[in-house]
Amino acid sequence: MVLADDLAKAQVCERDGILYAAGLGNGTAYFEWSQDGGATKASFPDSSTRQPVSSELVDDEQPAIEALQTGEIVVACTQGGRVRTYVTRDEGEHWGLVGEVE
């Protein structure tokens, strides 16, 4: 499995040699990551290779992703016409809403 091969409208970023991807699948924004340049997907503790960023459906627009030097990863996606920003502090296992704008 190659990083983001199952995600539509995916965007990829890199921090310290690790690739992170956010994209769409069945109306949901998902997060994936890779430690080998994207050749394979890394697994989460539950053995899955992707995690939902939010339980709410997203609009059909490309999400944005940024891996910060603080260790946080931020994903912004459009939901119901509003841009919502989510953050993870544990490499994508858990996500929290941190803000939204119209």
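The values are calculated or read from the model by the stated rules, or taken from the named source; none is laboratory data. Quick caveat, the model's predicted, so the values are computed rather than measured. Virtual Cβ from ideal backbone geometry, glycine too; neighbours counted across all protein chains shown.
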(message) So in the range 52-72, with the set limited to residues that are more than 12 Å from residue 30 (Cα to Cα) and among the aliphatic types (A, V, I, L, M), which one is surrounded by the most Cβ atoms within 10 Å (Cβ to Cβ)?
(response) 67
(message) Pull out all pairs, ordered by first then second residue, where Cβ-Cβ is under 6 Å, the residues are six or more apart or on different chains, the first lies in the range 5-33 and is on the phi > 0 side of the Ramachandran plot, and the second is polar (S, T, N, Q) and surrounded by fewer than 21 Cβ atoms within 10 Å (Cβ to Cβ).
(response) 9/62
(message) Quick check on the range 73-85. Is at least one of its residues surrounded by fewer than 17 Cβ atoms within 10 Å (Cβ to Cβ) and touching a residue at least 40 places away in the same chain (Cβ under 8 Å)?
(response) no
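In the range 16-51, which residue that is hydrophobic (A, V, I, L, M, F, W, C) and crowded, with 22+ Cβ neighbours inside 10 Å is farthest from residue 3 (Cα to Cα)?
29
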(request) At least 1 residues that are modelled with pLDDT of 95 or more and aromatic (Phe, Trp, Tyr) in each: list the strands (runs of 3 or more DSSP E) lying fully within the chain that qualify. (result) 18-25, 28-34, 82-88
(request) Please go through the range 1-38 and pick out each residue that is among the small types (Gly, Ala, Ser) and under 18 Å from residue 91 (Cα atoms). (result) 4, 10, 17, 21, 22, 23, 29, 34, 37, 38
